[in-house]
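The structure appears right after this line, and notes come after that.
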Amino acid sequence: MKKSVVSIVKYEAPFESVKKAVELADGFANMPGRAKVFIKPNIVFWSKSVRFPKWGVLTTSRVVEDIVVLLKEHGIDDITIGEGIVGDPKDRETPAHAFKTLGYETLNKKYGVKYINVFDRPFETVDIGDGIELNFNTDILNSDFVVDLPVMKTHNQTVVSLGIKNLKGVMDIKSRKTAHSPEEAKNLFHCVPRLPDRLPPILAVLDGIYTLERGPAFDGRVHRSNILVASSDVLSADMVGARIMGHEPRDIPILANAAANRNRPSDLSDIEVVGESIENVASYHEYDFAYHEDDQRCVPVPLARDGITGLFYRKYDETMCTYCASMNGLILSAIRYAWKGEPWDRVEVLTGKKMTPTPGMNKTILVGKCMYQKNRDNPDIKEMIPIKGCPPDPKTILKALHQAGIDANPMLFENIDQLPGFFMSRYEGKPEFDESFFQVS
Ligand code: SF4
């Protein structure tokens, strides 16, 4: 049996470390000469209003530049960096600000690299099997070779978010929502494993200079880990990355299903690890937010510790897509700050696409169009408080919380752009969290 090679390298120096990781994995073996190359970093979020923690959340510009230089050394001139940052797809300013701040404009000047916001470009429908059609950016589809540069992070819905999951960012909004289908045979755990199947050959380089627990965003816990993982087989890279973060691929639906689709084992027995050993660099990364549930409440553990009662905020599931997910943390923070010690009136909050109301609740908040459409006629709802938008509008969320008797602070919803900035205080006085990794000089 021919084994897939995965390299693990400690990040020690600019360029040399990335070069070593790629060379050990023979990462360009499948790259045609004079290839048109598409680089997919992970820019899961951006704010142009405040500085926010990028460590473990975004691919470092250090690794992006090192890959560009390496490609140039291999005679590659046609290089495009592409990403579809989560947010309003009509907002052109935020992605432009992200690309400029991350140094992509400088990469263009220094090396002639192009960079694109995928929402400015056409999409093409691709059949990924089992009747599932997704719209992919045409630039990646028409490239000859893809360099997939995710951050090494765990993820509260998918356990890990690595090379395969990173490819979700080249689809249009409609397809991203489709990938969170409530139908089991078409859900996130079935769509995501197929994302690489119709793409050109992929070199995956997992950027673990900073790794993230409970990702995908800035509210997770970051580590300076100094790890790079590379392979010309994206599933193999992901399986090794998962084990480094303490999770067995067989227990991770997107990886177990990707392995099964390819008739491969999920125990790494068909993978050869070169460079560092997994054991040498492994450290356990939590992925989940624990919830506390009893007959008085259902809330994340920190809110239960605050003593919150009378609120049943059901734990998110895999059907809640990114746009509702980005509001979820805000709603929970607003609820936490609004707690004054008086039990709320058995308020249930439902999210995603498949939750149903619990009999015996007095008020039911339905977050997002999907919840409203699913449950609007449900007789178990005594008082319905719908938030109908897709994605839900912050002002409507605030109004709904007030209607439920939860006195949320309007400032939180008016200054939603500022929130990520508050997380910067965690990193003050810690020189290992170095902003220059996200700059190109
Ligand atoms: S309402 Fe929320 S869960 Fe439903 S499609 Fe819109 S963003 Fe996704």
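Only one of the numbered conditions (1) at pLDDT 95 or above; (2) within 16 Å of TYR115 (Cβ to Cβ) is not met by GLU73, and that is (2).
Across the stretch 364-392, which residue is nearest to the chain's Cα centre (by Cα) among those that are part of a loop (DSSP other than H, G, I, E, B) and within 16 Å of the ligand (Cβ to nearest atom)? Give the derivation first.
Let us first name the residues in the stretch 364-392 that are part of a loop (DSSP other than H, G, I, E, B), namely 368, 376-383, 388-392.
From what is left, the residues that are within 16 Å of the ligand (Cβ to nearest atom) are 368, 376, 388-392.
Details: GLY368: 20, ARG376: 30, LYS388: 24, GLY389: 22, CYS390: 19, PRO391: 17, PRO392: 19 Å.
Checking each candidate, the answer is PRO391.
Those helices (runs of 4 or more DSSP H) of the stretch 132-237 in which at least 1 residues are crowded, with 23+ Cβ neighbours inside 10 Å, considering only elements entirely within it, cover 138-141, 163-166, 188-191. Please verify whether the stretch 171-189 includes one or more residues that are in contact with a Leu (Cβ under 9 Å, 6 or more places away or on another chain) and closer than 30 Å to VAL281 by Cβ. No, that holds for no residue.
Here is a check on your reading of the model: is SER161 in contact with a Pro (Cβ under 8 Å, 6 or more places away or on another chain), of a type in the set (Gly, Ala, Ser) and within 24 Å of PHE438 (Cα to Cα)? Step through it out loud before you land on a result.
On the way: in contact with a Pro (Cβ under 8 Å, 6 or more places away or on another chain): yes; of a type in the set (Gly, Ala, Ser): yes; within 24 Å of PHE438 (Cα to Cα): yes.
When the stated conditions are applied, SER161 passes them.
For the stretch 332-344, the candidate set comprises residues that are part of a loop (DSSP other than H, G, I, E, B) and of a type in the set (A, V, I, L, M, F, W, C); within that set, the residue that is farthest from the ligand (Cβ to nearest atom) is TRP339.
The rows are residues; the columns are (1) part of a loop (DSSP other than H, G, I, E, B); (2) in contact (Cβ under 8 Å) with a residue 24 or more places away in the chain.
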site: LEU70; (1), (2): no, yes
site: ILE81; (1), (2): no, yes
site: VAL86; (1), (2): yes, yes
site: PRO89; (1), (2): yes, yes
site: ALA98; (1), (2): no, yes
site: LYS109; (1), (2): no, no
site: ILE116; (1), (2): no, yes
site: VAL126; (1), (2): no, yes
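Within the stretch 345-363, if we keep just the residues that are within 16 Å of the ligand (Cβ to nearest atom) and not in a loop (DSSP other than H, G, I, E, B), the residue that is farthest from GLN403 (Cα to Cα) turns out to be LEU350.
Evaluate the following for LYS90: is it surrounded by fewer than 18 Cβ atoms within 10 Å (Cβ to Cβ), modelled with pLDDT of 95 or more and not hydrophobic (A, V, I, L, M, F, W, C)?
Numbers: surrounded by fewer than 18 Cβ atoms within 10 Å (Cβ to Cβ): yes; modelled with pLDDT of 95 or more: no; not hydrophobic (A, V, I, L, M, F, W, C): yes.
No; evaluated as a whole, the condition is false for this residue.
Would you mind finding the one in ALA338, ALA282 that is of a type in the set (A, V, I, L, M) and either under 28 Å from ASP130 (Cβ atoms) or in the same structural domain as ILE385 (by TED's automatic domain parsing) (or both)?
Numbers: ALA282 fails: either under 28 Å from ASP130 (Cβ atoms) or in the same structural domain as ILE385 (by TED's automatic domain parsing) (or both).
Step by step, each of ALA338, ALA282 is checked, and only ALA338 is of a type in the set (A, V, I, L, M) and either under 28 Å from ASP130 (Cβ atoms) or in the same structural domain as ILE385 (by TED's automatic domain parsing) (or both).
Selection within the stretch 381-413: residues that are without any contact (Cβ under 8 Å) to a residue 12 or more places away in the chain and not β-branched (Val, Ile, Thr). The member of this set that is surrounded by the most Cβ atoms within 10 Å (Cβ to Cβ) is LYS399.
Every residue, every condition in (1) in contact with a Pro (Cβ under 9 Å, 6 or more places away or on another chain); (2) assigned by TED's automatic domain parsing to the domain that holds PRO201; (3) under 15 Å from VAL147 (Cα atoms), yes or no:
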site	(1), (2), (3)
SER17	no, yes, no
ASN30	yes, yes, yes
PHE45	yes, yes, no
VAL63	yes, yes, yes
GLY87	yes, yes, no
ALA96	no, yes, no
PHE99	no, yes, no
LEU102	yes, yes, no
GLU105	no, yes, no
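Which of the following residues is more than 20 Å from ASP238 (Cβ to Cβ), of a type in the set (Ser, Thr, Tyr) and more than 16 Å from the ligand (Cβ to nearest atom): THR138, THR154? Let's see the steps before the verdict.
Numbers: THR154 fails: more than 20 Å from ASP238 (Cβ to Cβ).
Of the residues listed, the single one that is more than 20 Å from ASP238 (Cβ to Cβ), of a type in the set (Ser, Thr, Tyr) and more than 16 Å from the ligand (Cβ to nearest atom) is THR138.
Within the stretch 269-328, which strands (runs of 3 or more DSSP E) (wholly inside it) include 3 or more residues that are free of Cβ contacts under 8 Å to residues at least 24 places away in the same chain and of a type outside the set (A, V, I, L, M)? Outline the logic, then answer.
Numbers: elements: 271-275, 291-294, 297-300, 311-313.
Once the strands (runs of 3 or more DSSP E) in the stretch 269-328 are filtered for at least 3 residues that are free of Cβ contacts under 8 Å to residues at least 24 places away in the same chain and of a type outside the set (A, V, I, L, M), what remains is 291-294.
Is there a residue in the stretch 418-428 that is within 16 Å of the ligand (Cβ to nearest atom) and either under 23 Å from HIS180 (Cβ atoms) or crowded, with 21+ Cβ neighbours inside 10 Å (or both)? Break it down into steps so the answer makes sense when it comes.
Going through the stretch 418-428, the residues within 16 Å of the ligand (Cβ to nearest atom) turn out to be none.
Within the stretch 418-428 (the criterion being within 16 Å of the ligand (Cβ to nearest atom) and either under 23 Å from HIS180 (Cβ atoms) or crowded, with 21+ Cβ neighbours inside 10 Å (or both)), the answer is no, since none of the residues qualifies.
Select, from TYR313, TYR323, the only residue that is aromatic (Phe, Trp, Tyr), within 16 Å of the ligand (Cβ to nearest atom) and buried (at least 20 other Cβ atoms within 10 Å of the Cβ).
Numbers: TYR323 fails: buried (at least 20 other Cβ atoms within 10 Å of the Cβ).
Only one candidate passes the filter, namely TYR313.
Here GLY329 meets each of (1) more than 16 Å from the ligand (Cβ to nearest atom); (2) surrounded by fewer than 19 Cβ atoms within 10 Å (Cβ to Cβ); (3) not hydroxyl-bearing (Ser, Thr, Tyr) with one exception, condition (1). Restricting attention to the stretch 393-407 and to residues that are farther than 23 Å from THR322 by Cβ and not charged (D, E, K, R), the residue that is farthest from the ligand (Cβ to nearest atom) turns out to be GLY405.
The values are calculated or read from the model by the stated rules, or taken from the named source; none is laboratory data. Treat the numbers as computed from the prediction; the structure is a model and nothing was measured. Cβ: placed from backbone, ideal geometry, glycine included. Neighbour counts: every protein chain shown.
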